[in-house]
Structures are given as structure tokens and as C-alpha cells.
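What follows is a single structure, written as C-alpha cells, with notes after it.
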Amino acid sequence: MTLKGSGAMFQERSTQVRCKLEKILKETIKDLFGVEIIPEVGHPPSDELGDYSTNAAFLLSEKLKKKPEDIALKLAKNLQGDIVQLATTISGFVNIKIKKGAWIEELKGSIHPDYGKMDWGEGEKVLLEFVSANPTGPLHVASARAATFGDSLSRILESQGFNVSREYYFNDSGSQVELLGKSIELKIKELNGERVDYPPNTYRGDYITELAKKAMNKKIKDYVDFGVKEILKMQKSTLDRFRVNFDEWISESELKKNGMADKIIKDLHELKPSVLVKKEGALWFTAGDRERVFIRSDNSYTYVVPDIAYHRYKFNRGYDVLIDLLGPDHIDHIPELKESLELLGYPVGNLEVKIIQWITLKRGKETIKMSKRSGEFITIDELIKEVGVDAARFFFLLRKSSVPMDFDLELAKEQSERNPVYYIQYGHARISSLLDLAKYKGYSVNLPENLDLLSKEEELKLIRKIPEFKEALEDSAKMREPHILAYYLLDLSKLYHNFYQSHRIIGGEEELILPRLFLSNSVRNVVARGLSLLGVSAPERM
RNA sequence: GCGCCUGUAGCUCAAUUGGAUAGAGCAUCGGACUUCUAAUCCGAGGGUUGGGGGUUCGAAUCCUCCCAGGCGUACCA
């Protein structure tokens, strides 16, 4: 795996405080015990115990053949440095309290418009493929989850210095699009007054009627080509409204036309003839106890072959990391995809496949069964109309990708004001309005001299939480999980609301006005930055 | 049958990928605005992490066996 930024390179760490602490720990351990380890730094379960904690003593106890408690005690006693205020131990854990001054230093950069931007991605080229729906109809809500996830993840990775390209692969050949063409053709006949019988698999729905009318006006002959182009245009504009953009749109039929699929079979055959077996008129790919058809008896390719070709094309364009966001219906093809690429000599370890689980759509207790062919499905456009882009996107982002989720439309509609996204946005609007008033009264919201006057519990909590933005971003990027950032923003907002409610800012203690305004400005900036990375708006007023 | 995913408070979900006393929101109950946005805040109750066994300093997390649900298991994509 090419997970940059993990491991011993402290300079890549997010915050100065964390970076320094890890260095101090490593050096102290080396001095005391003569051992070099990479201590894990985390947070204690409660703020009162300290800002950071480490399990170094447990890691050392086996090597040193000593009790963790004793090691921890010795480590804590000798832990010094310009940022460490106090180190204590509880049953083998070392808890470290950081000096307030170090946090304040950390805080100073937090009103920068690019706050949180880091470069540990080192320009690594990442190709993120997602949505990749069939061009046979409007995008439905299952794609909305993947769209949100992929788009937000791209933004997050870019903020950490990765060079991300977003790709949409569409299947414009084969039986599905043939059916689309057929559906349009039949609809035209019907519009012309002919009696038609629709075969069971043809597509219905209003969009077919619209396409048929348009095709009639333009006197179109090639319904498949026309239909695919029109539907891609539709999907693109839907995604645009959902604030999701792609850099490249890759056509399956183009790959085939260029001979890329043929070359896969040819190369596999040359490299390892035994994996391709002719049986019952078809060509099978065999590996272990799995067998899957690659070429049907009518000489056409199954889905996997052009997909392998596509992935080879990805590698050949020089990407370091390939991330696929797939629906659970694609799980079965992953082994063939990876094995083929491996045989062809590509570093499959750099291919990360993430499954974005389905959503079950509900209205109250009733489950909505979705079927494209019947035309009964909820589209992203309908979702935007009913729930709104911000609420819908945030709803998806609150869940990690591997878990199937229920999406209750009724709840989302009814309680849209209670959707946590409004909690965060409200905080942002609240601060915006506060800062407006401050400016009107002539107060500066920039860096004041006396930040260290901030000493109330609610203030200190914010001072420590704001720099954690960098850690949340870093974790989000490494784990490929945007929900980590979403949860961070919720936590930060909660702390701010709490602070705001407990202390009066303008009109409060005179010497605290400027520091508190700065603190508020920081939160506003971090929230705005965070929301924009999630593709959610940060309103000034609500 | 086989493969993958899931099971955490009444509900919807977290838990820094093996860390400490498992946390939020919603719902319930009780409180807080003459003052910067009450779409807010504070407090209370709520748990054998589906169940058993194992691995170790330490398990919601890893292994194993059951139970329950979802998806896949096509010469569809």
C-alpha cells in the first residue's frame, strides 16, 4: 500500500504540537531505554487526563521484560520539552498535558483562508473512479451516496497535497444500451399512433417519452447513440446540481474500439495460457477454484474484460494510486480484475477498491422498492428537490461507506431542520453575524496581542479543538473516509455553541473581547473550510 | 450450499483500525433568553456491544462456532 504520511516521518504530521510531542517521546525513549520505537499517540478518554496519551509502555514491556506501569512511570518522570506541561500515568498509559502557550501558537494560523492545507500527499497522482452508472436513465439515490463520497474524498485528498483526477466510466455498449435504443424506438412508434407491445426488459418512465419526442424532432436514426449522449448530458447536469464534477468521462465502447479489450485476452493468453480455457463454446478465466466467463459463445465480452482494460489504461497513464468506489453488486468481479492485472504485471497493491454500500429508501416504515425498468425509482433530482443538496450530502457523509444505510425520505423532509448539517451551518451563521456586529462597532477580528487571556474552560476546549482540524483532515484522507471530518465539524460546532451560550463576547469583559472575537473567527474559518471540503455550503445568515 | 457486508442505548449512528470508565444526535423528563441569531445551551435516565468459546497486559474491533438480516452467487451490467 502506498499510504503516505504514515510511519516515522514526523515532519509530515499535521500539527506542530503533535509533531514535536512524537519527537520528544521517541528521543526520550531512546535515551532512557536504548530502544527505538514509534510510539502511538492518541487522546485520553477524558480531557481532564490530558491532551495526548501514549501506549509506549505497553509496546516496550515485552522487549524490556518489565512491567508497563514501571516503564510508564519512568517515561513520564523524564518527559520534558518546551511544549510538555505535565506527564502522568494511569495503569501503564502516559497522559501528557500540553502547555497553553503551545496551543496558542498553534491557533495563530487558524484564520488563514487555506488553513488545513497540507502537502504530505506530495503530489501523488490519484485516480478516483466513482458513480460510473449505466447511461440508460436518470441517476438514482444509490448513486447519490457514491457521488457525495467520491466528490468529498477528492476534495479532502487534494487539500492534503494529492493530485486527484475524478473519472466516470460509462457502459455505452452491450445489451443495456441496446434496450435503451429499443425503448426509444418503440415509444416513437407509439407516439405515432402505432400499437406496440413493450418487451419485459425495456425502459419506461417519462424520460423515455421525452427522448422519443426529441429524437422525432431531430429526425434521429441511431437511437442508441442519441439516447446515450442525451442521458449522459442529463446525468452530468444532475451531478452538477449536486456539486459533483468529473475530470474525465471514459467510454467503454471507445476502449473496445481501440482494441484494448482484445489486447487483454491476447496478453493473458501469451503470459499464462492456462488461465484461459475454452469450454462449452465460451472462453473462461480460471484462477483457484473460481471460473468466470470472459468471452461468451456469441463472441462478445463479459463486463469484466473491458473493465480490466480500463484499469490497465488507468495504470498506463501513470497514476500512483487507483481508488474505485463500487456498489456491492460489483464485488464478485474484483478477484478476476485483480488477478488479471497482476498477471499483466501491474502493481495491484496500488488499487484500492472501496465498496459503497446500498441505501434502502424508506418513507416512514415503508420500504420503497426501486426498479429502473418500471420507472419507479427516486432520482437524485427528486432528492435534491425534496431534501436539498446540503442536507442530503451531509446525511450520506455521516455514515462510513461500508455500512448499508436506511434513508428515510419522510424523516429527512420532516426533520430537515434537525439534520445535523443545520447545527453546523447555524453556528457558522451565528458567528458571521457576530463578526459583522464587531466590525460595525470597530473591533478587529484579527490576531490580538493577548490571546493568552483566554482561560475559561469553554475557551480552552476550543483552543485545543481548532488545531485538531488538521488531524481530522489527515485521518480522513488516510482512511479514505470523509465522515471523520463530518464528525469533527459536529464536535467543534458543539463546543462553540456551548462557549457562545456561556460567555458574552461583545459587551462582555473588555480585555476579552478581542481574543474571543479571534477565537470565533477561527471557528468560523475552520467550519467554512471543512464544509467546503464536504461540498456543503456555509451560509452567512439563516 | 458458497462468497461478501452488517448486528453497539427505544431509534439513527460514532468509537482515532487492538487501548483506559463504549460516546453523540433523535425521542423522553427537568431547567436556561429584557442583552452578540433559542435552528441554541445545561442537566437526568437509558448498555451483558446478537450469543458462546479463544488469542493477550488490554477485544465492539482479531480467530472460531452458532443466531438474525442484507447483497451477490448469470454466457446482465
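The values are calculated or read from the model by the stated rules, or taken from the named source; none is laboratory data. The model shown is predicted, which means the values in this text are computed figures rather than measured ones. Glycine gets a Cβ as well: all are built from the backbone with ideal geometry, and neighbour counts include every protein chain shown. Just the protein is used for accessible areas: all its heavy atoms, side chains included, with ligands, DNA and RNA removed. Shrake-Rupley method; radii C 1.70, N 1.55, O 1.52, S 1.80 Å.
Considering only residues that are of a type outside the set (Val, Ile, Thr) and over 16 Å from A:Leu139 (Cβ atoms), which ones fall in region A:214-228?
Result: A:Lys214, A:Ala215, A:Met216, A:Asn217, A:Lys218, A:Lys219, A:Lys221, A:Asp222, A:Tyr223, A:Asp225, A:Phe226.
If I go through region A:270-281 residue by residue, how many of them are more than 21 Å from A:Ile334 (Cβ to Cβ) and part of a strand (DSSP E or B)?
2
Rundown of residues vs (1) crowded, with 20+ Cβ neighbours inside 10 Å; (2) not polar (S, T, N, Q), yes/no style:
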| position | (1), (2) |
| --- | --- |
| A:Ser455 | no, no |
| A:Leu462 | yes, yes |
| A:Glu474 | yes, yes |
| A:Met479 | no, yes |
| A:Pro482 | yes, yes |
| A:Leu490 | no, yes |
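So how many residues does region A:182-207 have that are assigned to a helix (DSSP H, G or I) and within 14 Å of RNA strand B (Cβ to nearest atom)?
Total satisfying the criteria: 1.
I'd like the full set of residues that are crowded, with 17+ Cβ neighbours inside 10 Å, within 10 Å of RNA strand B (Cβ to nearest atom) and closer than 29 Å to A:Lys100 by Cβ, limited to region A:52-80.
A:Tyr52, A:Ser53, A:Thr54, A:Ala56, A:Ala57, A:Ala72
When region A:154-178 is examined, which residues are found to be touching an Asp or Glu at 6+ places or on another chain (Cβ under 8 Å), under 17 Å from A:Leu325 (Cα atoms) and outside any loop (DSSP other than H, G, I, E, B)?
A:Val164, A:Ser165, A:Arg166, A:Glu167, A:Tyr168, A:Tyr169, A:Phe170
Being without any contact (Cβ under 8 Å) to a residue 12 or more places away in the chain and within 13 Å of RNA strand B (Cβ to nearest atom) is the filter; apply it to region A:293-318 and report the residue that is surrounded by the fewest Cβ atoms within 10 Å (Cβ to Cβ).
A:Asp298
Please go through region A:187-232 and pick out each residue that is over 24 Å from A:Ser253 (Cα atoms) and hydrophobic (A, V, I, L, M, F, W, C).
Those that are over 24 Å from A:Ser253 (Cα atoms) and hydrophobic (A, V, I, L, M, F, W, C): A:Ile188, A:Leu191, A:Val196, A:Met216.
Conditions first: (1) within 8 Å of RNA strand B (Cβ to nearest atom); (2) surrounded by fewer than 19 Cβ atoms within 10 Å (Cβ to Cβ); (3) of a type in the set (Gly, Ala, Ser). A:Gly101 passes all but one, so which condition is the exception?
A:Gly101 satisfies every listed condition except (1).
Report the residue count in region A:396-415 for those that are open to solvent by less than 30 Å² (accessible area, probe 1.4 Å) and either part of a helix (DSSP H, G or I) or free of Cβ contacts under 8 Å to residues at least 24 places away in the same chain (or both).
Summing the residues that are open to solvent by less than 30 Å² (accessible area, probe 1.4 Å) and either part of a helix (DSSP H, G or I) or free of Cβ contacts under 8 Å to residues at least 24 places away in the same chain (or both) in region A:396-415 gives 4.
Step by step: first the residues of region A:121-142, then only those that are at pLDDT 90 or above and not in a loop (DSSP other than H, G, I, E, B), then the one that is surrounded by the fewest Cβ atoms within 10 Å (Cβ to Cβ). Which residue is that?
Among those residues, the one meeting the criterion is A:Lys125.
Within region A:81-98, restricting attention to residues that are away from RNA strand B (no atom under 16 Å from the Cβ) and surrounded by 15 or more Cβ atoms within 10 Å (Cβ to Cβ), which residue is nearest to A:Val17 (Cα to Cα)?
A:Ile83
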